[in-house]
1. For residues that are of a type in the set (Gly, Ala, Ser), surrounded by 14 or more Cβ atoms within 10 Å (Cβ to Cβ) and more than 22 Å from the chain's Cα centre (by Cα), tally how many sit in the range B:165-178.
2. For the range A:93-108, state whether one or more residues are assigned to a loop (DSSP other than H, G, I, E, B) and not charged (D, E, K, R).
3. Which condition from (1) in a helix (DSSP H, G or I); (2) within 19 Å of the chain's Cα centre (by Cα) is the one that B:Leu184 breaks?
4. When the range A:59-96 is examined, which residues are found to be more than 14 Å from chain B (Cβ to nearest Cβ), closer than 13 Å to A:Ala165 by Cβ and touching a Ser or Thr at 6+ places or on another chain (Cβ under 9 Å)?
5. Within the range A:206-244, work out how many residues are at pLDDT 75 or above and over 17 Å from A:Ser387 (Cα atoms).
6. Give the range B:70-83 a look and list any residue that's at pLDDT 85 or above, assigned to a loop (DSSP other than H, G, I, E, B) and either at the interface with chain A (Cβ under 7 Å from one of its Cβ atoms) or in contact with a Gly (Cβ under 6 Å, 6 or more places away or on another chain) (or both), or say none.
Amino acid sequence: MRRRGVDVVAVTPALLAAALAAAPPEERQLAELDRVRATIADQIQLSAYDLVDELVHGWTVSPPFPAPTPVVLAGVTVPVGLGTGLQALVENHLTAVLGHHPTTHLQLVHCPACAAVVVRSGPEATVISRGVDDPAVLADLGGDGGRYALFLDLEAEGARLVLRARLTRLTPELPIVWARTLSSAAGAPALLRQPDDLVSAEAARAEYLDALRDRGPISVPARLAIRTYALPDDDGVPPPPYLWLQTGVELATTTDQAWTASLVAGYSFVPQAYQGILAQARVHRLVSGRSRSHVRPDLYAFAGAAVISTWGPATIAFRDRPVNTDELLAAAALEGPRTSFGALHTGLEVRLGQRLGFSAFLETLPSLADSGNLGAYVRVLGVPFASFGSEVTCWF
Amino acid sequence: MTLWLLAAPLAAADPMPGLVRSRDALRRLDCERLSAWDAADRYPGRVPRPEGREVDPDRTYVVCADRLFAPGFRDPGAEAALWGMSDTAASAAAAARATGLARIWHVEVFHASSPVAAKLGFAVKAALVAEGLAVSDRAPRLGPDDLDVLLRLEPLRAYPAACARWAATGGLSGEDALLGVVQLDRRATALQVGVCADGGWTWLR
């Protein structure tokens, strides 16, 4: 990128880190301090917006003035230790929310003299102050004298973020006509209300819970799964891949859907090869957060057990001794034995909006562990995982 | 931001120091005890609402959350004053109300840190309004000569002298009272509260 004849080179993070490491200790400390400040400001920004929303919502329910009244935004102060960036964000958010809610009867007006430092000299004294602290100066500068000033203060008190607001009438006695204190506990989820249509905190929480519960704790999965089996180390014929169609029921055991359990039944059919049925139970645990997300994919880990019963010419490999080619050809002409076995599996699943999921798992067949027809994709503590599966699931 | 919810008496997620959690981690926490209803309101989806079931009146939740500012980020004196600012303001306002003075209240905070003083002043004014008292944003002024003398006095004599000067110069009239929140010693975290009315200073706390 070229600007005013100067090449601007994109600095990689590695180069930036090297530059910081070479800087004097004081500069590194200042840089680290700025980074920590930015992190803290990011963390409390949404909570600050929540408090401002609650403040304005209170004004829509109970306006401080009987009619639309000009008000000067005289000052917004942020927690000690943070800079003017968060202050500007809060000011802009307040202005936007008030603009969308004229029923508050607060009309923000611009008053440059209010925030400026003014000097007033008289026979008694020379006073240096902000204009908003000396209404006589505002009157001399042509103000109508009937305005009000709004002050906002945000402060971090332990784990709580506290917003204080007051309205002061700009007359010589500067009476405070209205004041309120609101606090937000750290860790409480931000309500994220729409700035152009504020609702009460209770209504916002109800919407949040409805979004969490979504379709309720019970859903019906429809799944397409494929299981493949590892090649044996010695002579033997592995089973063919199995394609399963599964459906059942899944239950979210917690409101945040961090734990779910499912019970499904499946059917597999390949003409002239095999048929199979299975019953499978699983437990899922959310590992990508504390609760299900509405804006990003969720990652679940799961473990489960299945009972599979299969029959057909191609199922001869499910036995505890190696199959040779002659036996395989002989079985092709017959119905083939019916074999039932149990399996244990564990894997990972990515879910998109709790509607679509993709998973992969490894499965061990304990009763066929010594079968010469199955190898192992991986061995964990001596346990062979002979089957690898992948699935696509839709929830209804 | 780490958050633990501990349903007393079940210690499912105990934040106390132990094998995997240090004392420093505990110092970064701010804990409070909530009823089951308050916890369900504040943390929907994480704490089930006690509805449709028999409510156990003894069931409470201890909610521990990381402090917004880690220890050491801000000056320790300022952090101590700001952490308890709501309680300080509420107690000062309650003390003012207890005087029974039907005046227009002004607030002055004397603290080593100017930003902290401004914050405390804001909090005390809001608390006074919440107590139903009439409050003014006007700051009574003193001339430079008066300030020069007062700054040379020890604190316990300076505030009564300032109160007398306010009355003498018209900074405070018979309809006004001033609530002073004072840090007598720069090293102290506790704040004293006094009232200036009719030219006389009274320590409330």
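The values are calculated or read from the model by the stated rules, or taken from the named source; none is laboratory data. Being a predicted model, the structure only gives us computed values, none of them experimental. No Cβ is skipped: glycine too gets one built from the backbone with ideal geometry, and neighbour counts run over all protein chains shown.
1. We begin by selecting, within the range B:165-178, every residue of a type in the set (Gly, Ala, Ser); these are B:167-168, B:170-171, B:173-174, B:177.
Next, from what is left, pick out any that are surrounded by 14 or more Cβ atoms within 10 Å (Cβ to Cβ): B:167, B:171, B:177.
From what is left, the residues that are more than 22 Å from the chain's Cα centre (by Cα) are B:167, B:171.
Total meeting the criteria: 2.
2. Taking the range A:93-108 first, the residues assigned to a loop (DSSP other than H, G, I, E, B) are A:101, A:105.
Still in the list and also not charged (D, E, K, R): A:101, A:105.
Yes, that holds for at least one residue.
3. Of everything listed in (1) in a helix (DSSP H, G or I); (2) within 19 Å of the chain's Cα centre (by Cα), B:Leu184 misses just condition (1).
4. Residues satisfying the conditions are A:Trp59, A:Leu73.
5. We begin by selecting, within the range A:206-244, every residue at pLDDT 75 or above; these are A:217-233, A:237-244.
Filter once more, keeping what is over 17 Å from A:Ser387 (Cα atoms): A:217-223.
Selection size over the range A:206-244: 7.
6. Filtering the range B:70-83 down to residues at pLDDT 85 or above leaves B:74-83.
Okay, now just the ones that are also assigned to a loop (DSSP other than H, G, I, E, B), so B:74-75.
Scanning the range B:70-83 gives a single hit, B:Arg74.
Rundown of residues vs (1) of a type outside the set (S, T, N, Q); (2) away from chain B (no Cβ under 14 Å); (3) assigned to a strand (DSSP E or B), yes/no style:
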site: A:Thr247; (1), (2), (3): no, yes, yes
site: A:Leu251; (1), (2), (3): yes, yes, yes
site: A:Thr254; (1), (2), (3): no, no, no
site: A:Ser262; (1), (2), (3): no, yes, yes
site: A:Ser268; (1), (2), (3): no, yes, yes
site: A:Gln272; (1), (2), (3): no, yes, no
site: A:Gln275; (1), (2), (3): no, yes, yes
site: A:Ala279; (1), (2), (3): yes, yes, yes
site: A:His284; (1), (2), (3): yes, yes, yes
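Yes/no per residue for (1) surrounded by 13 or more Cβ atoms within 10 Å (Cβ to Cβ); (2) part of a loop (DSSP other than H, G, I, E, B); (3) out of contact with any His (no Cβ under 6 Å at 6 or more places or on another chain):
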position	(1), (2), (3)
B:Lys119	yes, no, yes
B:Asp145	no, no, yes
B:Gly180	yes, no, yes
B:Thr189	yes, yes, yes
B:Val195	yes, no, yes
